[in-house]
Amino acid sequence: MKVAVAGCCHGALDKMYETLELLQRRHNVRPDLLLCCGDFQAVRNEADLRCMAVPAKYRHMQTFYRYYSGEKKAPVLTVFIGGNHEASNHLQELPYGGWVAPNIYYLGYAGVVRFRGVRIGGISGIFKSHDYRKGHFESPPYNQQTIRSAYHVRNIEVFKLKQLKRPIDIFMSHDWPRSIYHYGNKKQLLKMKSFFRQEVESNTLGSPAASELLQHLKPTYWFSAHLHVKFAAFMQHEANSKEELPKATKFLALDKCLPHRDFLQIIDVEHDPNAGDSLEYDAEWIAVLKATNSLVNVTQSTWNMPEKNGLHAKWDYSVTEEAIKEVLEELNHDLKIPCNFTLTAACYDPSKPQKNMEPVHTINPQTTEFCAQFGLTDINDRIQQAKEEASGRAECEEEEEEEMDSTGSAEEPSEYNTDNSGLSSFNPDEIMLDEEGGDEDLSTCSVDPSPDHPPEFSTSFSDIRIMPDSMAVSSDDATDSNNEELEKSGGSKQVEEKSSTERSLKRISGDENGNSGVKKIKRRNQAIYAAEDEDK
C-alpha cells in the first residue's frame, strides 16, 4: 500500500490534503494512509492556543478546527504523534491515543496500532533529561514550566515500548534518534545546517531515548521531523544472537509543511491484502499496557523504571503469547478501533472570537471507555483526584491555622524553608521561545486567530517525492548521494542540556557587555520555529 509521510504540520491541514489531492490528479497516486511526525497542532479554539508553547505571534488558528467541527473531513486516514508545539491540553485528553477528529487519529504519549496488517508505532514529544524520569503530572491551566514539560518524553513510555517483542514495520518520533546522522550523508546535512556541527561531532544531537528504542525495536522504517530539514539514513543492526536474522532500518526525516518545501514523502509498504481497511488495536501493545499499568505515575517525583539490578522483584514486563491471546478473546478477535470521536470543547467560530477563553482539564469519554474496557488507569482521572486531595489538604491546613490563631497559640518555626516562590521561577533548562524579554504571562497572553480564509498556498509539486517499491536508500546512497536538493535556510537545533550549574553560571555572568547568555538561545530557537525569512 502507499503511505504518505509528512513532517511538522503546524496546523496546515488544508495544505497537506490539497497536496495529496494534487498528487492524485497529476500522477494518479492516492495514498492509503497519511502519517504525521509531530507538531500537528490540533487547535480547536482560543483556549487551545493558550496551551501551545510558542510566542504569541505564532498563535494562529490555522485550519484544524474545521475538521474538528465536521465542516471538513480528512480525505485519507491520518495518524500522528505529538511534537513540542501542540495544543497540549487537547492531546492530554488522550494519553492512550484516540480520535481528535473524524479520520484523524492520535497515537497518544506512546502507542502501536495496525492498518492493513502493517504495524505502526510512535512516541510523542521531545527528550529533556530533567523531566524524563517524572510522571505525567501536568494539567491545564499550565504555568510557564508545565506548558513545556507537558510534551517532554517520559521514561515509562520508553519502558513500555521496550517490552515489545514482535516486529515493528513503521515507527515515528518527533525528534531524531541520537547518532542517526552517522548513518547518512552527514557532509550534506552539515552543509545545509552548519550550526548542527558541534552537536553532531560531540554526538549530542538528537534524543538518546529514541536512539535506545531504535536499537531495541529495529523497525523497517523510522520517520522523524523537528529539525526542519530532509535527511535519509540507512542503519544496519547487529543481530542479538546467531539465530536472529540481520535487520536494517531506513530512516527519513521530513521538512516542515510549507509551500515549495519537500515536506511530503510517498513510500510503498508491504501489507496484508486480506486485512480490512479499518485502523486496529495491536494486541501485544494492549497486553503491555495492562502489564505495566501498576507503574503509572502522576507525580513530579523522579523515579527509575524496574531494572535487573537487585532492587526490583520484577523487571521484565514483556508479555506472553497467552496474555496476547487473552486480549484477543476480550475483544472477540475484533481489533477494530471504534469510531467514537466526541466533541469535548467548543469549536472556534470566526464570527464570534473569544480571546479570553480559558483552558480546562477535561476527561475525554474515549479515554474513559478505553480504560474501562482494558482495566487501565485513566491518567487524567488520577491527576484530577490528586488535585482534589491536595486542595482538601490545603483547606484543612488553613482551618487549623485559623483555629490556632483564635486560641493565641503559635507554631514552632520550621527548620525548613517554606518559601515556594521558586517553584514558578524561570527554568534554565528550557529554551526561550520569544526573542524579547521572555514569554508573556499565560493568563493574559493575547490570541490572534487567523482570518476565516487565510491566504491560499500556490501548491508546488516540489512538495512531493514519490518513491516506488521502497525507500530508495542504501548504505552507499546514504553516505555518498548528493541527489537530494535541500534548502540552505535556517532550521532547528536540538540541544542536549548541560549541567544546571554550568547553565546558571553562564546566565549570571553574561557576556562582556553584561548581556545575559539567554539571547543566543532565543535566536536559535527562533530559527527552529518558522522564522519569516526562512520560509521565503
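A few comments on the model shown:
- Members of Lys160/Lys193; Lys57/Lys355; Lys191/Lys247 lying beyond 23 Å, as alpha-carbon distances in this model show: Lys160/Lys193; Lys191/Lys247
- With semi-axes defined as the square roots of five times the eigenvalues of the C-alpha gyration tensor, the equivalent ellipsoid of region 49-185 measures 24, 22, 15 Å, largest first.
- Evaluating 6.51 cos²θ - 1.76 cosθ + 1.60 at θ = phi - 60° for every residue in region 182-190, the Karplus couplings come out as 6, 10, x, 7, 5, 4, 5, 4, 6 Hz, glycine and proline recorded as x.
- Equivalent ellipsoid dimensions for region 229-341 as semi-axes, Å, which come from the Cα gyration tensor, largest first: 31, 24, 20
- Loop-resident sites, region 132-179, for trypsin sites (Lys or Arg not before Pro), counting at most 15 other Cβ within 10 Å (DSSP): Arg133, Lys165
- Sparsely packed trypsin sites (Lys or Arg not before Pro) within region 290-331, loop by DSSP, other Cβ within 10 Å at most 13: Lys308, Lys314
- Evaluated with a Cβ-only charge set (Lys, Arg +1; Asp, Glu -1), region 264-379 carries a dipole of roughly 740 debye about its Cα centre, given to the nearest 20.
- The residues of region 2-387 expose, per residue, 37 Å² of accessible area to a 1.4 Å probe.
- The largest accessible area among Phe127, Phe80, Phe341 belongs to the first residue in Phe341, Phe127, Phe80, and the rest follow in falling order (1.4 Å probe, all chains).
- The GluC sites (Glu not before Pro) of region 25-94 that DSSP puts in a loop, and whose beta carbon has at most 15 other beta carbons within 10 Å, are Glu71.
- A Förster radius of 51 Å, combined with the Cβ-Cβ distance separating Arg166 from Val360, puts the computed FRET efficiency at roughly 0.85.
- Taken over region 284-364, the alpha-carbon convex hull comes to 162 cubic angstrom per residue.
- Using only alpha carbons, region 2-387 has a radius of gyration to Kirkwood radius ratio (Rg to Rh) of 0.94.
- Working from label points 7 Å from Cα in the Cα-to-Cβ sense, the Lys314 to Glu244 distance is 2.5 nm.
- Expressed as a whole percent, the accessible surface of region 2-387 that belongs to carbon and sulfur atoms is 48, based on a 1.4 Å probe.
- Distance violations [Cα-Cα > 23 Å] among Lys2/Lys230; Lys336/Lys387; Lys134/Lys218; Lys15/Lys256: Lys336/Lys387; Lys134/Lys218
The values are calculated or read from the model by the stated rules, or taken from the named source; none is laboratory data. Only a predicted model underlies this, so the values are computations on that prediction, with no experimental measurement involved. No Cβ is skipped: glycine too gets one built from the backbone with ideal geometry, and neighbour counts run over all protein chains shown. Areas reflect the complete protein model, heavy atoms only, side chains present, ligands, DNA and RNA absent. Shrake-Rupley method; radii C 1.70, N 1.55, O 1.52, S 1.80 Å.
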